[in-house]
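No value in this document is a laboratory result; all are computed from the given coordinates. Being a predicted model, the structure only gives us computed values, none of them experimental. Here the Cβ positions follow ideal geometry from the backbone for every residue, glycine too, while neighbour counts run over all protein chains shown.
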Amino acid sequence: MYSARLFVPLQAEKRKKMNVAVVKYNAGNIYSVIHALQRLGVNPILTDDPEQLQKADKVLFPGQGEASNAMRYLREHGLDKVITDLKNPILGICIGQQLMCRHSEEGDTDCLGIFDADVLRFQPQKHEDKVPHMGWNQLERPSSELFKGFSEGEFVYFVHSFYVPICAHTIATTDYIQPFSAALHKDNFYATQFHPEKSGSVGERIIKNFLEL
Amino acid sequence: MLAKRIIPCLDVKDGQTVKGTNFVNLRQAGDPVELGRAYSEQGADELVFLDITASHEGRKTFTDMVQRVAAEVSIPFTVGGGISELRDVEKMLSAGADKVSINSAAIRNPHLIDEIAYNFGSQVCVVAIDARLDENGWTCYLNGGRIPTERNLFDWAKEANQRGAGEILFTSMNHDGVKAGFANEALARLAEELSIPVIASGGAGCMEHFRDAFAIGHADAALAASVFHFGEIGIPELKEYLRAEKINVRL
């Protein structure tokens, strides 16, 4: 108990000095990720500068928005190549995750191609299957350092109309209409379909785990 | 499985929370940011902050409060009250709100729903409807329930749905403040007729009322104010109860 108490401030102290970058682009709701990082004691920088993104300890690629507009912006600003070539840990969130895939049905968009998977639109099977999938749903089979200390069925917050089917990179699933990828991982690339920054204490643990990778 | 949501609603006037009974008799109930954070820690799934201030200065205070909530609270929140044009929506979203709720402005200018959905996405747009059951059926009201309209609840809700609303927040004026349960029959009909989530509001008095709003009214979420603010129902015990009643909630 006593050592655990000592451990917490040490981690917090470490986070304060951490160099965390958030990718600046034309997606909405980026500030909620910045606030979540600040609540953990991190002072992130919001940047589209390739060098700053490359030398950051950790990069976050959050956002809400429409895939084709977001991809057009990333290409026009050369960020597509910068993100794809990153060697440091990067966490894509929501549209960030979808953009890290190969292709999205939203606007028939070619995306970054980091994850070998395509993004599909939810097809409701019955009246109760409302799209967007919005609200708190459960993580099943979480298997990654991102979910260190997690048990089956913890709730996280989703808002999305498109999803990534289960694939070789899937590290957690969620069931809505059918089971889909709640999170992905490949090498230094991590991504969640849900919003850890809006998922209360569970989401905070995910961001903390990411920062401690 | 997608959880049914429990949403405390905080009415805010000049930076302080208040709650009216049947839309009048306001009582003080504390700092909205503190209260919001406390609800989040207790397991609230979302929060709604309604600005009931009329003055220009009060509006500025509300925007500051929205920024503080965004910085301090880690669950989604909706803001409403006094949002009448796209510029107001933009201001609230850039202050950090996840969703905006529009009420009278949507009835006066239904195109506002299309505009919000087009510019920011449907998930941002909550259309709030205050309606009263009278001899003509369910009639929609404006201005916090003061002005009756020609609109019928179900017709208007369907139109809002088609225009791109992301959710309908339905308050029954017959039930609000009475603490005798939600308007379950009307809720069930909305759930049947709409393709978007319905938030039940008005009438919560005990835990059974929440169960009924979900089990009988088929609501996706239930919103309440005074039962939470005055500690009559605690959110943890409410969720334990609902789980025991086979309603899927986030614990």
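Each of the trypsin sites (Lys or Arg not before Pro) that DSSP puts in a loop and that has at most 10 other Cβ atoms within 10 Å breaks chain A; the longest unbroken stretch is A:127-213. Taken about its Cα centre, region A:29-184 carries a charge dipole of about 280 debye when Lys and Arg each add +1 at the Cβ and Asp and Glu each add -1 at the Cβ. Per-residue ellipticity at 222 nm computed for chain A from its helices equals -8500 deg cm²/dmol, with DSSP H segments shorter than 4 residues left out and the rest contributing -39,500 (n - 2.57). Count the lysine pairs in chain A that are 8 or more places apart or on different chains: how many have C-alpha atoms under 15 angstrom apart? Taking the Cα cut-off of 15 Å, the pair count is 15.
With a sphere of radius 10 Å drawn around the Cβ of A:Arg102, what net charge do the other residues whose Cβ falls strictly inside it have (Lys, Arg +1; Asp, Glu -1)? Spelling it out: positives minus negatives among the neighbours equals -3. The helix-based estimate of mean residue ellipticity at 222 nm for chain B, built from -39,500 (n - 2.57) per DSSP H run of four or more residues and divided by its residue count, is -11000 deg cm²/dmol to the nearest 500.
The charge dipole of the protein assembly as shown, taken about the Cα centre with unit charges on the Cβ atoms of Lys, Arg (+1) and Asp, Glu (-1), comes to about 1060 debye, rounded to the nearest 20. With the charge dipole of region B:29-98 set up from +1 on Lys and Arg Cβ and -1 on Asp and Glu Cβ about the Cα centre, the Cα lying farthest toward the positive end among the listed residues B:Gly81, B:Ala97, B:His56 is that of B:His56. Under the simplified labelling scheme, the B:Glu90-B:Asp155 pair shows an inter-label distance of 3.4 nm, with each label point 7 Å from Cα along Cα→Cβ.
Between B:Met1 and B:Leu133, the simple label model (points 7 Å from Cα in the Cβ direction) yields a spacing of 2.8 nm. Shown here for region B:129-192: trypsin sites (Lys or Arg not before Pro) in loop regions (DSSP other than H, G, I, E, B) with at most 12 other Cβ atoms within 10 Å, namely B:Arg146.
Simple spin-label estimate for B:Leu251 and B:Ala180 gives 3.4 nm between the two label positions (7 Å along the Cα-to-Cβ direction from each Cα). Between B:Asp64 and B:Glu192, the contour length at 0.36 nm per residue exceeds the alpha carbon distance by 42.2 nm. About its Cα centre, chain B has a charge dipole of approximately 140 debye under the convention of +1 per Lys or Arg Cβ and -1 per Asp or Glu Cβ, with nothing else charged. When the protein assembly as shown is described by a simple charge dipole with +1 on each Lys and Arg Cβ and -1 on each Asp and Glu Cβ, the residue from B:Pro110, A:Gly149, B:Met173 located farthest towards its positive end is A:Gly149. Placing unit charges on the Cβ atoms of the charged side chains and taking the dipole of chain A about its Cα centre, the candidate lying farthest along the positive direction among A:Ala12, A:Ile90, A:Leu79 is A:Ala12. By its C-alpha gyration tensor, with a ≥ b ≥ c as the square roots of the eigenvalues, how is region B:171-251 shaped: rounded for a/c under 1.5, else prolate for a/b larger than b/c, else oblate? Oblate is the answer for region B:171-251, as a/c is 1.5 or above yet b/c matches or exceeds a/b. Taking a straight line from the alpha carbon of B:Lys13, these lysines sit under 17 Å away, with near neighbours fewer than eight places off in the same chain left out: B:Lys60.
Cα centroid separation, region B:68-107 to region B:173-251: 23 Å.
Label the protein assembly as shown by shape, choosing from rounded, prolate and oblate, from the square roots a ≥ b ≥ c of the eigenvalues of the Cα gyration tensor; if a/c is under 1.5 it is rounded, and otherwise prolate applies when a/b is larger than b/c, oblate when it is not.
prolate
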